[in-house]
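Asks: Sharing a structure, written as structure tokens. Questions coming.
The values are calculated or read from the model by the stated rules, or taken from the named source; none is laboratory data. A quick note: this is a predicted structure, and the numbers were derived from the prediction, not measured. Please note: Cβ atoms are built from the backbone with ideal geometry, for glycine as well, and neighbour counts cover all protein chains shown.
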Amino acid sequence: MNLRVHSLIDLESTAVKWVEQNSEPCVCLISGDMGAGKTTLVKLICQKLGVDESVSSPTFSLVNEYQTTSGNLVYHFDLYRLKDEEELFDLGFEEYLDRGAYVFIEWPEIGSSFFLGSEKNISITIEGDSRLIEFS
């Protein structure tokens, strides 16, 4: 599914559509250029999943953990600052992927050997004043 987003309201409806399509916990890989809106989209998806606490970027902590009102766990990773795959092993990354939680991973390229091919994907492309968001 491809969606064109022109505003925050459009992005909110995009988050609703993603949650409607993914009612069960899953691993989601999120790609896009710096400033494309990856973290903003994850924040909105978390709100729609029922996360009550403030969702923030895990750029420095690498991972943030949240819980939805229905009891599902949500892990939000930002792998931008990692230099190599060894850092993911040290973090216990594989264990997070196997917990049956919603796992959102920004900048997933460095962790590609951990992924099985069953992950959901979101790609965000900046096109002028809008964003093209692709779910696959």
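Asks: What's the number of the only condition in (1) free of Cβ contacts under 8 Å to residues at least 24 places away in the same chain; (2) touching a strand residue (DSSP E or B) at 6+ places or on another chain (Cβ under 7 Å); (3) over 20 Å from Lys48 (Cβ atoms) that Arg99 fails to meet?
Replies: Arg99 satisfies all of (1) free of Cβ contacts under 8 Å to residues at least 24 places away in the same chain; (2) touching a strand residue (DSSP E or B) at 6+ places or on another chain (Cβ under 7 Å); (3) over 20 Å from Lys48 (Cβ atoms) except (1).
Asks: Please tell me if Glu24 is touching a Lys or Arg at 6+ places or on another chain (Cβ under 9 Å) and among the charged types (D, E, K, R). Steps first, please.
Replies: On the way: touching a Lys or Arg at 6+ places or on another chain (Cβ under 9 Å): no; among the charged types (D, E, K, R): yes.
No, not satisfied.
Asks: Can you find even one residue in the range 119-133 that is in a loop (DSSP other than H, G, I, E, B) and polar (S, T, N, Q)?
Replies: Just the residues of the range 119-133 that are in a loop (DSSP other than H, G, I, E, B), to begin with: 119, 128-129.
In the following step, the residues that additionally are polar (S, T, N, Q) were identified as none.
Among the residues of the range 119-133, not one is in a loop (DSSP other than H, G, I, E, B) and polar (S, T, N, Q), which makes the answer no.
Asks: Further question on the same structure: Would you check if there is a residue in the range 96-104 being farther than 20 Å from Ser136 by Cα, outside any helix (DSSP H, G or I) and of a type in the set (D, E, K, R)?
Replies: Filtering the range 96-104 down to residues farther than 20 Å from Ser136 by Cα leaves 96, 98-99.
Those left that are additionally outside any helix (DSSP H, G or I): 98-99.
Imposing the further condition that a residue be of a type in the set (D, E, K, R) reduces the set to 98-99.
Yes, that holds for at least one residue.
Asks: Additional query: Select, from Met1, Met34, the only residue that is of a type outside the set (S, T, N, Q) and either at pLDDT 90 or above or under 18 Å from Phe77 (Cα atoms) (or both).
Replies: None of the other options fit; the residue is Met34.
Asks: Quick one: which helices (runs of 4 or more DSSP H) lie wholly within the range 1-91 and hold at least 1 residues that are at negative phi and loosely packed, with under 11 Cβ neighbours inside 10 Å? Spell out the reasoning first.
Replies: Working: elements: 8-21, 38-49, 85-91.
Correct list: 8-21, 85-91.
Asks: Look through the range 105-118, keep the residues that are assigned to a loop (DSSP other than H, G, I, E, B) and among the aromatic types (Phe, Trp, Tyr), and return whichever of them is farthest from Pro58 (Cα to Cα).
Replies: In the first step, residues of the range 105-118 are kept if they are assigned to a loop (DSSP other than H, G, I, E, B); the result is 107, 115-118.
From what's left, among the aromatic types (Phe, Trp, Tyr): 107, 115.
Details: Trp107: 12, Phe115: 20 Å.
Ranking the qualifying residues of the range 105-118, first place goes to Phe115.
Asks: Of the conditions (1) crowded, with 19+ Cβ neighbours inside 10 Å; (2) modelled with pLDDT under 95; (3) within 16 Å of Ile45 (Cβ to Cβ), Ile105 fails just one. Which one is it?
Replies: (2) is the only condition that Ile105 fails.
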